[in-house]
1. If a residue counts only when it is surrounded by fewer than 18 Cβ atoms within 10 Å (Cβ to Cβ), which strands (runs of 3 or more DSSP E) contained entirely in the stretch B:1-54 have at least 2 such residues?
2. Could you give every pair whose Cβ atoms fall below 7 Å, whose first residue belongs to the stretch B:224-253 and is over 19 Å from A:L223 (Cα atoms) and away from chain A (no Cβ under 12 Å), and whose second residue is among the β-branched types (V, I, T) and open to solvent by 30 Å² or more (accessible area, probe 1.4 Å), counting only separations of at least 6 or pairs across chains?
3. Filter the stretch B:173-202 down to residues that are of a type in the set (G, A, S) and closer than 22 Å to B:E293 by Cβ, then give me how many there are.
4. Any residue at all in the stretch A:195-208 that is free of Cβ contacts under 8 Å to residues at least 12 places away in the same chain, aliphatic (A, V, I, L, M), at the interface with chain B (Cβ under 9 Å from one of its Cβ atoms) and open to solvent by less than 30 Å² (accessible area, probe 1.4 Å)?
5. Can you name the condition, by its number, that B:E293 falls short on among (1) open to solvent by 50 Å² or more (accessible area, probe 1.4 Å); (2) part of a helix (DSSP H, G or I)?
6. Could you check the stretch A:127-175 and list, in sequence order, the residues that are over 20 Å from B:G162 (Cβ atoms) and under 16 Å from the mean Cα position of the chain (by Cα)?
7. Name the pairs: first residue in the stretch B:99-113 and under 17 Å from B:S86 (Cβ atoms), second residue hydrophobic (A, V, I, L, M, F, W, C) and surrounded by fewer than 13 Cβ atoms within 10 Å (Cβ to Cβ), Cβ to Cβ under 6 Å, at least 6 apart or on different chains?
8. Please find, within the stretch A:209-224, the residue that is most open to solvent (accessible area, probe 1.4 Å) out of those that are in contact with an Asp or Glu (Cβ under 9 Å, 6 or more places away or on another chain), outside any strand (DSSP E or B) and more than 8 Å from chain B (Cβ to nearest Cβ).
Amino acid sequence: MQEETENIIYVRDLVKKFGNFVANDHLSFEVKKGEIFGFLGANGAGKTTTIRILCGLSSPTSGEIKVAGFDAFKETEKIKRNIGYMSQKFSLYEDLTVTENIRFYGGIYGISRKEIKVRTQILLEKLKFEEVKNTLIKDLPLGWRQKLAFSVAIFHQPKIVFLDEPTGGVDPITRRQFWEMIYEEAHNGMTIFVTTHYMDEAEYCDRISIMVEGKIAALDTPLNLMKEYETKNMEGVFLKLARNIE
Amino acid sequence: MYAVEVENISKSFEKVEALKNISFNVKSGSLFGFIGPDGAGKTTLFRILVTLLKQNTGTAKIQGLNNITDYKKIRSIVGYMPGKFSLYQDLSVEENLRFFATVFGTTVENNYHLIKDIYSQIEPFKTRLAGKLSGGMKQKLALSCAMIHKPEVLFLDEPTTGVDAVSRKEFWEMLKVLKNSGITILVSTPYMDEAELCDEVALIQDGKILKIETPQNIIGAYEKNLYAVKSTNMFKLIADLRSFEFSESVFPFGQFIHYTDKRDQINENDLINYLAQKDHKNIVLQKITPNIEDCFMSYLNK
């Protein structure tokens, strides 16, 4: 068993209510260090609510929640410092250049100017972005923006990065290059918490939870889920689980 | 008979060439898909065809009507669902539908039969504000509004982007029903798997059409031997496959990696032995039939 492995996210009986509406209904799960954890569910199942709580942006109604060792009720500022976040909708400032965006995010996370300079150079080389370093984000192809957005989200070397539908709309090759970046970071020990509507991407995850109407309906490795629900791919699992509600 | 005829259309915005000399025809009553990533030019093309934009050069006809000179007539016979949710968020479900019916000089009652299958699913929420609907419900309402004036040609711009797998599947089932009622449908999507549900598909990238074919022929024209490979260490497997001397393309594909080889004939044992030497365990190597996404990527790589 992996009992010794560190739980970087620990959630017990997480409940979040908005008035009478229960958006998260007694969720319990753990995420291990270095794991790629897929957080799936239909639109409106309650995923965004959970992510906001785990990022320290919203307060849970009840439960025991620890993220990177910090309490989601009392230590939200510490949580924010130890996580990275990227979504498809908002990531970079379009009217700033590549280096300006990096410097801005580095500054927000309190990294020294000197250190920002060093890390920026390393990052530009790694992404092969030296030629576009003074280009405005709005003039970059979408796929490049997403690679940069991911790199910026982890620029302060967080323990966990939350990716909320990171790959919508990009071409299939870029989508895969993006996932290789994710693989690499996970391989180096970063924990990846990701939501996606692409079911093939779900299969890249070490473990997956599927949320249905505010509850976790299934949680296991992709392989075990496919066995349990007797389907060949994750799409089959997802359809079986999410269809049942109608 | 063609419902849509497009010849040599180009469109530029200042420095950006959004469409580069595009030509295609869509048969009446068919379901025609545009598959390509964001920025490929899909939205620009649709906006030209529904007369919201003018091309720089080239001609476009919808049901035989010219998109520049006959734009008023075209507007009454096409339905358009833009990629961005464009209904009135502060009107209710029912009010939105009535609004669009009235604008086109008809009534909801007149054409209710056309949208019954779709609209009945959201009718229980007809007093809810459109802005308060879930993603799947918004999409059903938008489709109902685009259909309420009984269009002959329907343009759907990325109707399933950001929508979960269940709603996506339901949406495509609705399209099949609409198609069977004789409507011509043009739909764009970044999801490659949806291509397989179209009669014909145009692969579009950087303002150019790479290929127009039936999904079956696109797959049939794939010439390479394609393998699905798996081992216990997938991250390392990608790198090791890339450094194999005959390696041509290596792409992660869900729980497998899709691999093609530079050689026409490959000895499977060679590859298995190579991977075993690199310490891979539980190696699985199987020859597979490509899907649309494999084909699209091989075009992109050319």
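The values are calculated or read from the model by the stated rules, or taken from the named source; none is laboratory data. Since we're looking at a predicted model, the values are computed, not measured. Every residue, glycine as well, gets a Cβ built from its backbone with ideal geometry; the counts of neighbours run over all protein chains shown. To get the accessible areas, we keep the full protein, side chains included, count just its heavy atoms, and leave off ligands, DNA and RNA. Shrake-Rupley method; radii C 1.70, N 1.55, O 1.52, S 1.80 Å.
1. It comes to B:2-13, B:16-27.
2. Hits for this filter: B:L226/B:I288; B:Y227/B:I288.
3. 3
4. Within the stretch A:195-208, none of the residues are free of Cβ contacts under 8 Å to residues at least 12 places away in the same chain, aliphatic (A, V, I, L, M), at the interface with chain B (Cβ under 9 Å from one of its Cβ atoms) and open to solvent by less than 30 Å² (accessible area, probe 1.4 Å).
5. If we test B:E293 against (1) open to solvent by 50 Å² or more (accessible area, probe 1.4 Å); (2) part of a helix (DSSP H, G or I), just (1) comes out false.
6. A:K147, A:L148, A:S151, A:V152, A:I154, A:F155, A:H156, A:Q157, A:P158, A:K159, A:I160, A:V161, listed by residue number.
7. From the stretch B:99-113, no pairs qualify.
8. The extreme case among them is A:E213.
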